[in-house]
Amino acid sequence: MEELYQNYKTAVLQSGHPKASEIVLSNMSLVLDRVFVDVEDPFVFPPHHKALREPFDYYEFGQNYIRPLIDFRNSYVGNIGIFKDMEHKLKQGHNIILISNHQTEADPAVIALLLERTNPHIAENLIYVAGDRVITDPLCKPFSMGRNLICVYSKKHMFDVPELAEMKQKANIRSLKEMALLLRNGSQIIWIAPSGGRDRPDPVTGEWHPAPFDKSSVDNMRRLAENTGAPAHIYPLALLCHDIMPPPAKVEKEIGEKRVISFSGTGLSVGAEANFDEIAGAYENPEQAKEAYTKALYESVTDQYNVLKSAIHGKQRADTSSQAVSISQPWTNISVT
């Protein structure tokens, strides 16, 4: 907790905000309080967890904690019009699935902060498929309590403790059933990272790229969405925010990783809807069709990610917009502090 405080303080001070010290004390006091509350009376996440908004608003708590870490002057959203179209579809009872890369523990807050002024419905109603680490780590739990979650056990950690593997597999089946029930009702928007974990830099070059997608995870999500009755739409989503709270260099089994925190620009972009039938039509072999569909989603995420990277780290601003990705700063002329 002391290390987290010092790292958070350094990062917020980097922002140059005139009330940086006050922000640090206020936010870190709340973190300490919420962690202690949970230690004394641990919260147990159900398979489908709805964000806790009262009597304590955990959603706003998470937003307020991450907001001072984002350099909005150097942050961008790609294809804001597609997000608008998504909201229209949700109001019509359609389901939306976002196939995304995953960068940090702060991803849900970053997504919501970049969309809170233009697409508040998506920001507050997005459901995240979350691994067990974010609902067991004492420092993560209060932030996770403020998000809508489908709680699953990650494939990467399924056999960390062999005798628990069967329990984890059964828990995942319960979570999938909960997700199916949600989708059956329509008007749901769900985020999933089919890589099974966070992106990590290349150990040789240090360059960041979206981690490869797992074909079976993509296909399971697609079939689940398509077989629930309500119309379903799948979109590739790219997220760039690794500098805010990068993961450890290697996947760790133990809970309690070191939190490195920085003030940084961030980016979010959504690509055109990916239609499985259009892509699969060129293949007779079902496995090849699934592979091609996963590849198409991954390539879209990677292309969008590269546009965001050029704008944020290449300092090329909106000049980096491409034919497929139009980036903007929809909060321009709106106070974001």
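Against the list (1) in a helix (DSSP H, G or I); (2) small (Gly, Ala, Ser); (3) surrounded by fewer than 17 Cβ atoms within 10 Å (Cβ to Cβ), the condition Gly206 fails is (1).
Scanning region 272-286 for residues that are outside any loop (DSSP other than H, G, I, E, B) and modelled with pLDDT of 95 or more yields a single hit, Phe276.
Working carefully through the options Ala230, Ala193, find the one that is in contact with a strand residue (DSSP E or B) (Cβ under 6 Å, 6 or more places away or on another chain), modelled with pLDDT of 90 or more, over 29 Å from Gln323 (Cα atoms) and of a type in the set (A, V, I, L, M).
Ala230
Residue-level check: of (1) farther than 27 Å from Thr332 by Cα; (2) crowded, with 17+ Cβ neighbours inside 10 Å; (3) hydrophobic (A, V, I, L, M, F, W, C), Val44 misses just (2). The one condition from (1) in a loop (DSSP other than H, G, I, E, B); (2) acidic (Asp, Glu); (3) modelled with pLDDT of 95 or more; (4) surrounded by fewer than 20 Cβ atoms within 10 Å (Cβ to Cβ) that Glu252 does not meet is (3). When each of Pro212, Pro201, Pro236 is tested for being out of contact with any helix residue (DSSP H, G or I) (no Cβ under 8 Å at 6 or more places or on another chain) and either surrounded by 13 or more Cβ atoms within 10 Å (Cβ to Cβ) or at pLDDT 95 or above (or both), the lone residue that passes is Pro201. Residues of region 10-43 that are part of a helix (DSSP H, G or I), over 23 Å from Met145 (Cα atoms) and not polar (S, T, N, Q): Ala11, Val12, Leu13, Ala20, Glu22. Only residues that are surrounded by fewer than 20 Cβ atoms within 10 Å (Cβ to Cβ) and over 17 Å from Glu226 (Cβ atoms) were counted across region 266-284, and they come to 4. Flag not set for Val218, criterion: in contact (Cβ under 8 Å) with a residue 60 or more places away in the chain, outside any loop (DSSP other than H, G, I, E, B) and out of contact with any helix residue (DSSP H, G or I) (no Cβ under 7 Å at 6 or more places or on another chain). Here Glu2 meets the list (1) under 22 Å from the mean Cα position of the chain (by Cα); (2) modelled with pLDDT under 95 almost entirely, failing just condition (1). Only residues that are under 17 Å from Asp57 (Cβ atoms), surrounded by 14 or more Cβ atoms within 10 Å (Cβ to Cβ) and either over 24 Å from the mean Cα position of the chain (by Cα) or modelled with pLDDT under 95 (or both) were counted across region 19-36, and they come to 0.
Within region 295-310, not a single residue is in contact with a Phe, Trp or Tyr (Cβ under 8 Å, 6 or more places away or on another chain), over 30 Å from Leu139 (Cβ atoms), at pLDDT below 95 and in a helix (DSSP H, G or I). Restricting region 88-105 to residues that are closer than 22 Å to Ala274 by Cα and out of contact with any strand residue (DSSP E or B) (no Cβ under 9 Å at 6 or more places or on another chain), the residue that is surrounded by the most Cβ atoms within 10 Å (Cβ to Cβ) is Gly93.
Scanning for something within 24 Å of the chain's Cα centre (by Cα), farther than 20 Å from Arg133 by Cβ, in a helix (DSSP H, G or I) and among the acidic types (Asp, Glu), does region 49-60 turn up at least one residue? Within region 49-60, one or more residues are within 24 Å of the chain's Cα centre (by Cα), farther than 20 Å from Arg133 by Cβ, in a helix (DSSP H, G or I) and among the acidic types (Asp, Glu).
The values are calculated or read from the model by the stated rules, or taken from the named source; none is laboratory data. Because the structure is a prediction, the values reported are computed rather than measured. When we count neighbours, we look across all protein chains shown, and the Cβ atoms used for this are built from the backbone with ideal geometry, even at glycine.
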